[in-house]
Amino acid sequence: MAPSDDLNPGHPVRAGSMLYTLVDPEPGHEVAYNRWYERDHFYGGCMTGPWCFAGSRWVATRELKDLRFPAKGNSISDPVDRGSYVAIYWVEDGHHDDHFAWGADQVVRLYTAGRGFQERRHAHTVLYRHRSNRYRDKDPVPVDLALDHHYAGIVSVVVEPTGGADPVDLDAWLDNEGLPPLFTDGPVASCAQWTAVPRDGMTSNAPMDLGSPPPGPDATMQVFFLEGPPRPAGTGSWTMRPAWRPPG
């Protein structure tokens with residue numbers, strides 16, 4: 001596992017915040033939802049906002065949903081197969097409030113103007129702040145560019161210490177034991193770690209339910225970027241919350 005490039009002064013544009021949104025359209029509205037999202041909301045709801053510099057969309061097929069765990073009591077998707085479409089956006093470091101204050105007002109403006117989509121359910125729509133990056137290669141594609149790199153797939157993992165475990169010890173275990181095997185002989189190119197932002201005035205004003213709550217302050221959301229499709233259990237270690245980018 002290569003060291004993080006987080007302190008590299010040659011990369012001044014940094015992802016400091018992430019909007020992570022996992023959604024299901026109501027049955028029968030899948031085509032209409034995707035047309036609305038790709039032709040309007042992806043841009044009007046996020047990308048035209050200040051300091052949002054990248055975004056991408058992914059789909060979790062039935063085969064990939066079957067890899068999710070835990071199957072019972074999943075804190076992100078309950079039931080575990082909830083959430084089919086993932087959209088991820090990067091906001092430049094230091095401008096969290098600048099963008100998301102705009103976003104909180106913008107979503108209300110869009111729905112008031114008839115540019116919303118009522119036939120969808122959020123499984124997990126949460127804001128996150130960046131913690132760190134980990135890479136397989138010594139000269140990697142920076143995470144800041146990952147949403148524009150057209151990776152074949154992603155895997156999202158929420159890790160939280162239990163039983164009084166020290167978060168510092170968990171971080172050390174991830175760096176020394178948990179993450180390195182994932183970068184060996186497989187498609188995982190990088191991992192970005194994030195901490196959830198509690199619900200606040202900017203997110204609580206949304207004209208819809210946003211799904212499961214943010215993970216706790218000691219938890220990390222890890223987003224892995226893969227150069228090949230997520231593999232089924234038994235042929236790799238990324239069996240958590242995979243999604244992939246369809247070709248074309």
### Query
Is it the case that some residue within region 92-110 is free of Cβ contacts under 8 Å to residues at least 60 places away in the same chain and among the polar types (S, T, N, Q)?
no
### Query
Within the bounds of region 231-245, is there any residue that is buried (at least 18 other Cβ atoms within 10 Å of the Cβ) and modelled with pLDDT of 80 or more?
no
### Message
Cβ-Cβ distance below 9 Å, separation of 6 or more or different chains: which pairs start in region 17-45 with a residue that is within 24 Å of Asp97 (Cα to Cα) and end on one that is of a type in the set (Phe, Trp, Tyr) and assigned to a helix (DSSP H, G or I)?
### Response
Ser17/Phe100; Leu19/Phe100; Val23/Tyr33; Val23/Tyr37; Gly45/Tyr37
### Query
Quick one: which of Val86, Val80, Val59 is modelled with pLDDT of 90 or more, more than 16 Å from the chain's Cα centre (by Cα) and either hydrophobic (A, V, I, L, M, F, W, C) or closer than 16 Å to Val126 by Cβ (or both)?
Val80
### Summary
How many residues of region 87-124 are more than 11 Å from Gly45 (Cα to Cα), charged (D, E, K, R) and either outside any helix (DSSP H, G or I) or in contact with a helix residue (DSSP H, G or I) (Cβ under 7 Å, 6 or more places away or on another chain) (or both)? The answer is 5
### Query
Residue check, His11 against (1) in contact (Cβ under 8 Å) with a residue 24 or more places away in the chain; (2) surrounded by fewer than 18 Cβ atoms within 10 Å (Cβ to Cβ); (3) out of contact with any helix residue (DSSP H, G or I) (no Cβ under 7 Å at 6 or more places or on another chain); (4) not hydrophobic (A, V, I, L, M, F, W, C), all met but one. Which one?
(3)
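The values are calculated or read from the model by the stated rules, or taken from the named source; none is laboratory data. Treat the numbers as computed from the prediction; the structure is a model and nothing was measured. Note: ideal-geometry Cβ built from the backbone for every residue, glycine included; neighbour counts use all protein chains shown.
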